[in-house]
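Everything below concerns the one structure shown next.
The values are calculated or read from the model by the stated rules, or taken from the named source; none is laboratory data. Keep in mind the model is a prediction, meaning the values are calculated, not measured. Note that each Cβ is placed from the backbone with ideal geometry, even for glycine, and that neighbours are counted across all protein chains shown. Remember, those area values only see protein heavy atoms, side chains included, never the ligands or the DNA or RNA. Shrake-Rupley method; radii C 1.70, N 1.55, O 1.52, S 1.80 Å.
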Amino acid sequence: MITSNIYYKVLGFALAALTFAACADKWDDHYDSKSEGMNDASLWQAINENSNLSNFASVVKACGYDKALGSSQVFTVFAPTNEQFSAQEAQELIAAYNAEKGKVVDDDNTVIKEFIQNHIVMYNHSIAPTSNDSLVLMNGKKTTLTAKTFGNNTILTTNQHYANGILFTIQGKAQYFPTVFEYLRKDADLDSLASFFYNSRFYRKEFIPARSVAGGIENGKTVYLDSVFVQQNDLWDYLWALTNEEDSTYWMVAPTNKEWKKLIEEYQPYFNYDDNTRFRDSMVYTMPRIAIVDGTIFSRTMNPDAHLSDSALSTSAAETYIYRESYWGNKNLHYYQFGGKSADNTQKPFSATGIFTDTENVECSNGMVMKSDNWKINKLNTFYQWIIVEAENRTAIKEVSKIQDGKEMKPTVKTVIRDVMNDNKFHNKVWSNQFVEFEQIATTVQHKVTFNIENILSNIGYDIYLVTAPALANDSNATAEECLPTKVDCYINYHNQQGETERKLLVMEKENNPNIVDYILLAEDFKFPTATFGLNESEPQVTLEVETDVSAKEQRNKSFTRTLRIDCIMLVPHGISNVSEDRFEVAPHGDGDTFFWLKQ
């Protein structure tokens with residue numbers, strides 16, 4: 001068996017050597033255009049001297065591509081003949097090129113990108129009777145090449161070899177299909193959306209030497225006859241959606257200019273940052289627009305046809321329960337998802353009020369733009385979110401009260417994270433099945449815990465809750481003394497427009513129910529004058545102070561305790577539902593829209 005393996009390995013090496021030699025011939029032909037029947041003229045000479053390609057040649061020369069096609073760089077050109085590409089069409093393209101010349105870089109010139117580069121491929125690509133290949137054009141677009149067709153165009157003449165490549169002639173000019181991203185700038189109804197995505201704050205070009213046409217060396221540096229750039233956009237990264245990639249497929253719900261204007265007017269007040277905010281003007285401009293587009297793009301890989309009848313998961317959604325809990329505070333929150341188990345039938349994407357209904361759909365090379373003149377993406381499903389501050393999270397607690405002990409300040413409470421086991425009756429009623437117990441150390445003073453609150457929207461009404469947990473949630477055998485109620489005073493701190501901190505009393509001597517997970521309403525429809533949404537805050541502007549208000553007599557009488565058991569702080573968009581221990585479910589809001597919230 002060993003001898004046999006050695007024999008076949010030796011035979012394999014021999015065959016591989018022969019195969020490599022054959023491939024090497026094809027490789028050289030691919031790059032060097034050295035094959036039988038080769039004409040010594042350049043591609044440009046061949047095109048320019050062919051009277052049936054005069055219209056194509058006139059555009060090539062007007063755009064300066066005669067230099068590239070006359071260089072030593074190897075190309076394959078698919079040239080439309082005069083029968084299907086008229087002199088008038090050629091003159092219109094030349095006029096369009098000249099109108100943009102000097103105003104945009106050549107790579108952005110519409111005629112170069114959508115016509116010239118749409119008929120040229122780097123290197124040699126000949127065909128055989130069985131050919132069926134995928135080509136990447138100079139503009140990055142993909143097309144198919146068979147024995148008879150170039151994309152949707154019939155091939156008239158084939159495999160004409162010249163000194164720097166291969167020439168084909170085709171019937172009619174090749175159609176250019178824009179990507180989802182490119183289409184935004186082509187539709188006058190989407191000018192506002194396009195202006196945002198193409199804003200220089202996010203959009204830029206990166207030079208790609210490998211796809212560019214080198215023309216020689218000058219002063220020790222390569223000079224390029226044609227420079228190829230690829231588009232980059234920070235918004236693609238933020239939205240997890242490479243809408244300019246030909247290898248991906250996306251649907252994008254795109255607001256028309258009318259809808260964009262209406263949404264900006266509605267959303268602008270939600271992102272009013274204080275005057276001391278770094279890059280305030282940029283934040284005020286960017287964040288309302290991010291709020292519009294976040295949740296509008298859908299990867300078809302994540303959303304096959306079989307799923308879309310029930311729900312659509314945008315690229316901004318969290319795919320797993322772990323991510324949902326990490327991003328939004330609870331695994332049952334389904335932001336940026338439309339339909340599915342988290343909603344009733346009215347939210348399904350193709351229902352009468354669904355986000356994909358009543359849109360004008362435009363096919364693109366990598367998906368579809370779904371123009372909407374009747375916006376149906378509910379802000380409650382996207383950026384207008386519940387804010388849940390879990391007490392046990394590392395960044396939740398800003399500080400606890402301290403007292404002087406000799407030469408140092410020491411906390412007045414011991415902070416302990418308590419778990420709720422799955423055999424406890426409060427399991428899945430306490431958020432994340434954990435709470436924090438602030439057990440009093442110093443019995444002679446009141447205790448205070450200050451919580452950080454981030455990602456606040458301005459001028460939006462919040463219902464603010466303090467959620468307390470019972471001692472029984474951690475210990476089913478807790479004593480009567482451990483199960484005493486407490487009383488608290490709560491203050492909210494926030495910035496005014498000038499960036500100064502204001503402090504407001506929300507409740508005083510508010511008593512909790514120690515036998516349940518108690519949702520204590522601290523404020524209803526509370527509006528913050530300034531926003532912190534999207535800010536990276538080392539010291540959050542918004543904080544909530546929770547301070548015990550239990551007298552010494554009440555402690556001695558064992559009617560109240562100064563020990564705090566805090567599950568979380570919740571800021572809920574006003575009007576969504578009446579929040580309580582047993583009510584986490586879909587609830588009506590406003591004009592009949594629903595907020596998807598699964599009962600725990």
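At a glance:
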{"quantity": "Residue tally, condition open to solvent by less than 10 Å² (accessible area, probe 1.4 Å) and closer than 20 Å to R562 by Cα, over the stretch 487-507", "calculated": "2"}
{"quantity": "Strands (runs of 3 or more DSSP E) wholly inside the stretch 199-270 containing at least 1 residues that are more than 30 Å from T532 (Cα to Cα) and touching a Gly at 6+ places or on another chain (Cβ under 9 Å)", "calculated": "221-226, 229-233, 250-255"}
{"quantity": "Single residue of K173, K101 found to be in contact (Cβ under 8 Å) with a residue 40 or more places away in the chain, more than 20 Å from Q45 (Cβ to Cβ) and basic (K, R)", "calculated": "K173"}
{"quantity": "Residue that is modelled with the lowest pLDDT [pool: residues in the stretch 279-305 that are surrounded by fewer than 13 Cβ atoms within 10 Å (Cβ to Cβ) and not in a loop (DSSP other than H, G, I, E, B)]", "calculated": "D305"}
{"quantity": "Subset tally (residues that are assigned to a helix (DSSP H, G or I) and either surrounded by fewer than 24 Cβ atoms within 10 Å (Cβ to Cβ) or without any contact (Cβ under 8 Å) to a residue 24 or more places away in the chain (or both)) for the stretch 69-83", "calculated": "0"}
{"quantity": "Residue that is out of contact with any Phe, Trp or Tyr (no Cβ under 8 Å at 6 or more places or on another chain) and either among the acidic types (D, E) or farther than 30 Å from D373 by Cβ (or both), where the choices are V213, V230", "calculated": "V230"}
{"quantity": "Listing of strands (runs of 3 or more DSSP E) fully contained in the stretch 100-151 that carry 2 or more residues being touching a Lys or Arg at 6+ places or on another chain (Cβ under 9 Å)", "calculated": "132-136"}
{"quantity": "Subset of the stretch 231-276 (residues that are among the hydroxyl-bearing types (S, T, Y), surrounded by 17 or more Cβ atoms within 10 Å (Cβ to Cβ) and out of contact with any Ser or Thr (no Cβ under 8 Å at 6 or more places or on another chain))", "calculated": "Y267"}
{"quantity": "Residues within the stretch 433-457 that are outside any strand (DSSP E or B) and open to solvent by 20 Å² or more (accessible area, probe 1.4 Å), tallied", "calculated": "8"}
{"quantity": "Counted residues, the stretch 110-149 - those being of a type in the set (A, V, I, L, M, F, W, C), under 17 Å from V213 (Cα atoms) and open to solvent by 40 Å² or more (accessible area, probe 1.4 Å)", "calculated": "1"}
{"quantity": "Selection from the stretch 162-198 of residues that are in a loop (DSSP other than H, G, I, E, B) and under 27 Å from N257 (Cα atoms)", "calculated": "Y176, F177, P178, T179, R185, K186, D187, Y198"}
{"quantity": "Subset of the stretch 194-214 (residues that are open to solvent by less than 70 Å² (accessible area, probe 1.4 Å) and either among the hydroxyl-bearing types (S, T, Y) or at pLDDT below 75 (or both))", "calculated": "Y198, Y203, S212, V213"}
{"quantity": "Among (1) in contact with a Gly (Cβ under 7 Å, 6 or more places away or on another chain); (2) of a type in the set (S, T, Y); (3) at pLDDT below 95, the one test that T76 misses", "calculated": "(3)"}
{"quantity": "Positions within the stretch 524-543 being under 22 Å from G575 (Cα atoms) and surrounded by fewer than 19 Cβ atoms within 10 Å (Cβ to Cβ), in sequence order", "calculated": "E524, D525, F526, K527, P529"}
{"quantity": "Every pair of residues 6+ apart whose Cβ atoms lie under 8 Å, when the first sits in the stretch 207-222 and is polar (S, T, N, Q) while the second is open to solvent by 60 Å² or more (accessible area, probe 1.4 Å) and outside any helix (DSSP H, G or I)", "calculated": "S212/Y224"}
{"quantity": "Residue tally, condition crowded, with 18+ Cβ neighbours inside 10 Å and over 16 Å from A523 (Cβ atoms), over the stretch 458-481", "calculated": "7"}
{"quantity": "Flag for N345 being modelled with pLDDT of 90 or more and more than 21 Å from the chain's Cα centre (by Cα)", "calculated": "no"}
{"quantity": "Complete set of residues in the stretch 362-382 that are open to solvent by 10 Å² or more (accessible area, probe 1.4 Å) and farther than 19 Å from N244 by Cβ", "calculated": "D373, N374, W375, K376, I377, N378, K379"}
{"quantity": "Check on A95, within 23 Å of K113 (Cβ to Cβ), within 41 Å of the chain's Cα centre (by Cα) and in a helix (DSSP H, G or I)", "calculated": "yes"}
{"quantity": "Test set (1) surrounded by fewer than 19 Cβ atoms within 10 Å (Cβ to Cβ); (2) within 28 Å of A473 (Cβ to Cβ); (3) in contact with a Leu (Cβ under 9 Å, 6 or more places away or on another chain) - I516 fails condition number", "calculated": "(3)"}
{"quantity": "Pick from the stretch 34-57, criterion assigned to a helix (DSSP H, G or I) and open to solvent by 40 Å² or more (accessible area, probe 1.4 Å), ranking: nearest to T222 (Cα to Cα)", "calculated": "Q45"}
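One line per residue, one yes/no per condition, for (1) modelled with pLDDT of 95 or more; (2) of a type in the set (A, V, I, L, M, F, W, C); (3) farther than 30 Å from F526 by Cβ:
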site	(1), (2), (3)
A254	yes, yes, yes
I264	yes, yes, no
Q268	yes, no, no
T277	yes, no, no
H307	no, no, yes
A312	no, yes, yes
G339	no, no, yes
A352	no, yes, yes
